[in-house]
Structure formats: C-alpha cells, structure tokens
Amino acid sequence: MAQQDDVFKKIVSHAKEYGFVFPSSEIYDGLSAVYDYGQNGVELKNNIKRYWWDAMTLLHENIVGIDSAIFMHPTIWKASGHVDAFNDPLIDNRDSKKRYRADVLIEEQIAKIDDKIAKEVAKAAKRFGDSFDEAQFRATNARVLEHQAHRDALHQRFSDAMNANNLDELRQIIIDEEIVCPISGTKNWTEVRQFNLMFKTEMGSTADGSMTVYLRPETAQGIFVNYLNVQKTGRMRIPFGIAQIGKAFRNEIVARQFIFRMREFEQMEMQFFVRPGEELRWFNQWKEWRLKWHKALGLGNEKYRYHDHEKLAHYANAATDIEFRMPFGFKEVEGIHSRTNFDLSQHEKYSGKKIQYFDPELNESYVPYVIETSIGVDRMFLSVLCSSYEEEQLPGGDTRVVLHLPAPLAPVKCAVLPLVRKDGLPEKAREIVDELKFDFATHYEEKDAIGKRYRRQDAIGTPFCITVDHQTLEDNTVTLRERDSMEQTRVNIADLHALIHDRVSLASLLRKLR
Ligand code: GAP
C-alpha cells in the first residue's frame with residue numbers, strides 16, 4: 001500500500017511538472033479540491049471528451065447532444081430531490097476540528113477488515129504454495145471467519161443505518177468500532193449532521209428582487225428539462241438519447257485523492273429514453289456498451305469491474321458502477337442507472353407541463369423511462385494518467401519516465417526534432433511541421449541533446465518523434481521513433497502522414513466499438 005501511495009504521489013507531481021494538472025490559485029496557496037488543467041492536460045481532457053462525444057453521437061444515430069446552462073430554475077432542484085436529499089452525513093472531531101463524512105469513516109473501517117482478511121489469505125497462499133485452496137481456507141480458518149463475521153455484521157448495521165437515515169446510529173457505529181480521528185488520534189466526536197452539497201448563489205441585481213440559484217450538482221437535469229424541446233425539434237422517436245458534457249459543482253467535504261473528488265468537476269452524461277417495461281433490457285445493453293468503450297482504450301481489461309448496487313435509490317430499479325483500479329484501489333469512474341420515469345414525472349408535477357411521448361406503434365402516450373450513463377471526465381483522466389505512467393528500467397541501468405497514453409488521447413501526436421540547430425536541419429524540420437500540423441498536434445523542438453528531447457516527449461506521452469538529420473537533406477528520409485518500444489525506423493517523409501494517422505486517429509479507436 002505504501003508503495004502504491006508513493007507511485008500516486010509521483011503521478012501527482014509528474015502531472016504538475018509536465019503541465020497536465022495544477023492546483024487552482026496556486027500563487028495564493030491554492031483552493032482546496034479545485035484544480036486547473038495545464039497545456040497538456042487540457043489536450044488530454046479534450047481528447048477524452050471527444051472520444052466519448054463521438055462514441056455517443058456519431059456511432060448512435062438516435063443520440064444527439066445538447067449544452068444546457070449551468071444556472072437553472074431553482075425549482076428544478078426541488079423537483080429532482082437535490083434540495084431535500086442531496087446530503088452527506090458529517091461528523092466533526094472536537095480536538096482536531098476536522099470534519100469527516102461519517103459514512104466514509106465506516107466504509108474505511110470495513111475496508112480495513114477486508115485488508116486483514118486479504119493478508120491472512122496471502123500469507124496462507126505463500127505457505128501452502130500450489131496446493132492452496134482459497135475457498136476452503138476462507139471457509140475454515142478461524143481468524144478469517146472471525147474477521148468475516150465482524151465485517152458482515154458491521155456492513156449490515158451500516159446499511160440499515162444509511163437506509164433508515166439514522167444519524168444517531170451512524171455515530172454509535174463510529175463509537176462502537178473505536179474509530180479515531182486520523183489527525184488528533186482521539187474519539188472525541190460530535191453528533192452526525194446532514195450537510196447539503198449544492199453551492200448557492202444569488203441571481204438578480206437588487207437585494208429584494210434576487211433569487212437563490214444553485215450551481216448544478218449534475219448535468220443530467222439540464223437534459224431532463226430539455227426532453228420535450230429535443231424530442232419535438234429533432235423529431236426523435238423512442239428509444240433515443242440526449243448527451244451532454246459540462247461542469248458540475250459539489251461542496252464535497254471529504255475532498256481528496258487529487259482530481260478524484262473535486263468541488264468543481266466535469267461530467268459526460270447521457271439519458272436514454274425508452275418504453276416503460278423495456279428499461280432493464282436497455283440497462284443491460286448500456287452496461288455492456290459502456291464497458292466496451294472503456295476497454296477499447298487498452299489500459300488493461302483486468303483493471304475494470306462492475307459494482308452492482310444492492311441498495312437502490314427510491315427512483316431506480318437497477319444501478320451499477322464501472323470501477324477502475326486506481327493506485328488507491330478500485331473506484332467508481334462511471335455510474336449506469338435505470339432511473340424509471342422518476343425525473344420526468346417530477347418535472348411534470350412541479351412545472352405543470354405535460355412531459356409525455358406519443359408512441360405511434362402502441363398508439364398510446366406515456367412518460368418515458370430513462371437509462372442514464374454518467375461518467376466523470378476528471379476521474380476518466382485520472383484513470384488514463386495512472387495506468388499510463390511508468391518508471392521504466394532501460395538496458396544499461398538507465399531509467400525513463402514514460403506515459404503510455406492511448407495514442408488517440410495523447411496531447412501531442414508527434415514531435416519534429418532537428419538533430420542539430422544548424423546546416424539547414426531546423427528549416428527542413430519546420431517544413432515537416434508545416435505539413436503535419438493540419439492533421440496532428442505537432443511539436444517542434446530544437447533545444448538540448450536529442451536523447452533529452454526524447455525523454456521530454458516520453459514524459460508527456462507523445463507517440464512519435466521524428467528526427468531530421470543530415471541524411472534527410474540528401475534523400476528525404478527521417479527517423480521515426482516509437483514511444484513505447486523506442487524503436488527507430490528510417491522512413492520517407494512522404495509516408496509520415498499515413499504512418500502516424502494509422503496509430504493516432506480517433507476513428508481507429510471508435511472502430512473497435514463496432
Ligand atoms: N447524474 C448522476 C450522477 O451525477 P454520480 O454518481 O453522483 O451520478 C456521476 O456522478 C459521475 O460523476 C461519477 O461516477 C464520477 O465519475 C463523477 N463525479 C461525481 N462526483 C465527483 C466529484 N466530486 N469529483 C469528480 N468527479 C465526480
């Protein structure tokens with residue numbers, strides 16, 4: 001675990017050093033859980049968004065996009081349930097004055113017991129070697145059984161308390177489990193209170209005439225309230241989807257793990273409107289499609305898993321998360337929900353407008369059911385960054401830091417490097433840049449020795465380096481160096497475009513989704 005923590009720290013500092021992610025307002029000592037994307041980060045982020053957007057709107061002729069405003073009528077958040085129920089249970093430690101999410105403290109306690117079980121299993125596996133039967137060991141080992149019983153009882157008590165919204169019981173669990181504050185080390189806890197996560201502000205020019213508006217905590221409601229507009233103007237027939245990418249804001253109390261949990265973040269959400277009764281079939285279909293989208297990036301199939309929800313929100317009849325193995329464990333990157341007709345019905349009720357679909361095949365009107373896919377851009381960014389980062393040992397004892405980014409997502413696709421800054425090589429290199437830059441993000445670099453320049457490009461994940469040398473002036477060939485293998489081949493300048501395109505085009509990635 002400590003080793004994983006170290007790797008994560010290195011990734012965070014690499015992200016800063018190479019212009020991917022900066023702490024927000026850094027010269028004023030930063031703003032907690034808010035981050036800025038730098039010159040390379042914004043390109044990687046845009047490429048992720050483009051991959052999602054095109055997969056939704058180009059590959060599905062029944063999905064269209066919108067871009068709704070961040071400010072919306074405040075009643076929308078009453079209708080959606082966010083004003084009354086978008087809360088986290090909070091507890092303070094009186095000694096350190098630190099505030100925690102009570103549910104997170106208990107979840108971490110459960111994870112600690114899981115770790116203890118995993119350690120017992122790993123120890124036994126080492127001791128018994130090939131003859132080790134894990135299932136039998138788990139079913140018979142006294143220590144494992146004891147931990148498991150404790151874990152199951154705790155998990156049950158926790159679920160019951162959360163389901164019943166029983167804040168006193170959450171506090172009692174923390175006391176009974178002897179959970180201490182990681183800062184003060186004491187058990188001097190306050191009561192548990194509910195805390196609404198929405199940011200509020202005032203809209204309007206006079207104090208009397210102003211109204212409280214919220215910064216949206218999800219983009220989805222912008223889609224629901226535009227359902228009728230899009231369905232009518234786009235002449236959409238069910239089943240159809242509306243996709244949107246945009247900022248969302250949550251006053252997260254436990255904000256940590258870098259860009260994993262932020263107060264201002266970005267979501268890519270798609271609401272798919274279906275006939276009542278067909279929602280579970282579509283839910284399963286979207287589960288499969290979304291995992292395929294993730295896996296097509298080639299980050300490693302073993303890094304993904306579904307986490308089906310046992311406890312469903314009152315409006316959902318199925319829900320799953322796609323989790324990704326981050327350096328700090330498997331974590332939710334995307335949520336897929338079958339949200340019934342809850343949201344549209346609520347907006348019907350609160351707005352007084354009929355939000356229905358006339359189904360010509362059934363010859364009847366109904367409020368459509370909805371499957372939602374919702375993925376955080378920043379979490380996706382983090383999963384790509386973490387799984388691409390490598391400190392590679394090279395033959396001869398040298399090391400290099402390389403980002404094995406999926407080539408279509410890389411911020412820079414190719415770097416053109418004159419071997420020396422004289423003899424007409426820079427001019428020749430610029431000619432090549434001037435050809436390639438219309439199709440690919442291309443860098444020109446002439447400073448420092450060529451090896452150093454290769455390392456800089458490796459560190460930002462550039463898939464190709466093109467080196468211009470004296471031979472180039474004679475026969476119009478260059479060296480094409482591939483990032484991952486570091487293999488160098490001599491190729492004709494005229495072939496560069498096709499060779500690069502083959503590897504870096506988004507279309508090649510999208511084709512894998514067919
Ligand atoms: N409309 C459904 C919805 O918003 P959610 O599970 O609360 O569902 C969806 O959020 C996704 O948004 C998550 O899977 C995660 O990737 C991302 N997300 C949520 N809160 C976040 C935060 N504070 N920082 C970064 N990403 C976040």
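None of the figures in this text is laboratory data; all of them are computed from the coordinates on show. None of these values were measured; they are calculated from a predicted model. For neighbour counting, all protein chains shown are included, and Cβ atoms are generated from backbone atoms with ideal geometry for every residue, glycine included.
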Amide H of A318: which non-local residues (sequence gap of 5 or more, or other chain) have their own amide H closer than 5 Å, using H built in the peptide plane? S338
If the convex hull of the alpha-carbon atoms of region 10-71 is projected onto planes in all directions, what is the mean projected area in square nanometres? 6.3 nm²
Taking all pairs of different Cα atoms in region 325-437, averaging 1/r and flipping that mean, what Kirkwood radius in angstroms comes out? 20.3 Å
Spatial separation of Cα centroids for region 185-225 and region 468-514, in angstrom: 51 Å
From the backbone phi of region 359-372, what are the Karplus-calculated ³J(HN,Hα) couplings (6.51 cos²θ - 1.76 cosθ + 1.60, θ = phi - 60°) in whole Hz, Gly and Pro given as x? 8, x, 6, 8, 6, 8, 9, 7, 7, x, 8, 10, 9, 10
Pairs beyond 21 Å (Cα-Cα), from K292/K331; K97/K187; K292/K437: K292/K437
Peptides 136-142, 507-513 ordered by average Cβ neighbours within 10 Å, highest first: 507-513, 136-142
Region 282-360: GluC sites (Glu not before Pro) in DSSP coil with no more than 15 other Cβ atoms inside 10 Å: E310
Along Cα→Cβ, 7 Å out, is where each label goes; now give me the distance between the ones at K247 and D398 in nm to one decimal. 4.3 nm
Which of the residue pairs K9/K295; K45/K354; K247/K353 have a Cα-Cα distance greater than 29 Å in the structure shown? K45/K354
Given axes a ≥ b ≥ c from the Cα gyration tensor, I'd like to know whether region 396-513 is rounded (a/c under 1.5), prolate (a/b larger than b/c) or oblate. oblate
Using each residue's phi in region 217-224, evaluate 6.51 cos²θ - 1.76 cosθ + 1.60 at θ = phi - 60° and report the 3J(HN,Hα) Karplus result to the nearest Hz, with x for Gly and Pro. x, 7, 7, 4, 5, x, 6, 4
Ranked packing of 126-134, 166-174, 447-455, most packed first, by mean Cβ within 10 Å: 166-174, 447-455, 126-134
Highest-first arrangement of 234-242, 262-270, 498-506, where packing means the average Cβ count within 10 Å: 262-270, 234-242, 498-506
For N251, list long-range residues whose amide hydrogen, built 1.01 Å from N in the peptide plane, is under 5 Å from its own amide hydrogen. M198, F199
If you find the alpha carbon centre of region 62-101 and of region 363-425, how far apart are they in angstrom? 30 Å
Report, to one decimal in Å, the Kirkwood hydrodynamic radius for region 159-216 based on all distinct Cα pairs. 14.8 Å
Cα-based equivalent ellipsoid, the chain: semi-axes from gyration tensor eigenvalues, Å: 43, 33, 24
State the Cα centre-to-centre distance between region 1-22 and region 125-182 in whole Å. 32 Å
log10 I(q)/I(0), Debye, Cα-only region 91-195, no solvent, q = 0.21 Å⁻¹? -1.02
